[in-house]
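Below is one structure; the comments refer to it alone.
The values are calculated or read from the model by the stated rules, or taken from the named source; none is laboratory data. Just so it is clear, the structure is predicted and the values come from calculations on it, not from any experiment. Cβ placement follows ideal geometry from the backbone for every residue including glycine, while neighbour counts extend to all protein chains displayed. What goes into the accessible areas is simple: the full protein's heavy atoms, side chains included, and nothing from ligands, DNA or RNA. Shrake-Rupley method; radii C 1.70, N 1.55, O 1.52, S 1.80 Å.
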Amino acid sequence: MASCSGTTKKGTPCKLNALKGSDYCLIHIRQDPNAPSGREAIEELEGRLSETAKSVLGIAIMVGIVLSVLIKRR
Ligand SMILES: [Zn+2]
């Protein structure tokens, strides 16, 4: 596996492994000017994360409703 071509905040070369199809790791993928697919992948990942957050919030609301019903029954 190739190593990342990005540079760290200190200005030293990154030692992490590069992502598949890219010369950069997940942290430095934004430094890659030739990887629109990498950016799309990150945007897709961020989209999935927000969807997950929404579903988690939905479950939390459902649990809250169920608990309030159970408490009222007592
Ligand atoms: Zn890197």
Hey, Ile59 hits all of (1) surrounded by 12 or more Cβ atoms within 10 Å (Cβ to Cβ); (2) modelled with pLDDT of 90 or more but one; which does it fall short on?
(1)
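Every residue, every condition in (1) open to solvent by 60 Å² or more (accessible area, probe 1.4 Å); (2) at pLDDT below 90; (3) over 22 Å from the mean Cα position of the chain (by Cα), yes or no:
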| site | (1), (2), (3) |
| --- | --- |
| Asn17 | yes, no, no |
| Ser22 | no, yes, no |
| Gly64 | no, no, yes |
| Ser68 | no, no, yes |
Selection status of Arg30, at pLDDT below 80, in a helix (DSSP H, G or I), of a type in the set (Lys, Arg) and open to solvent by 70 Å² or more (accessible area, probe 1.4 Å)
no
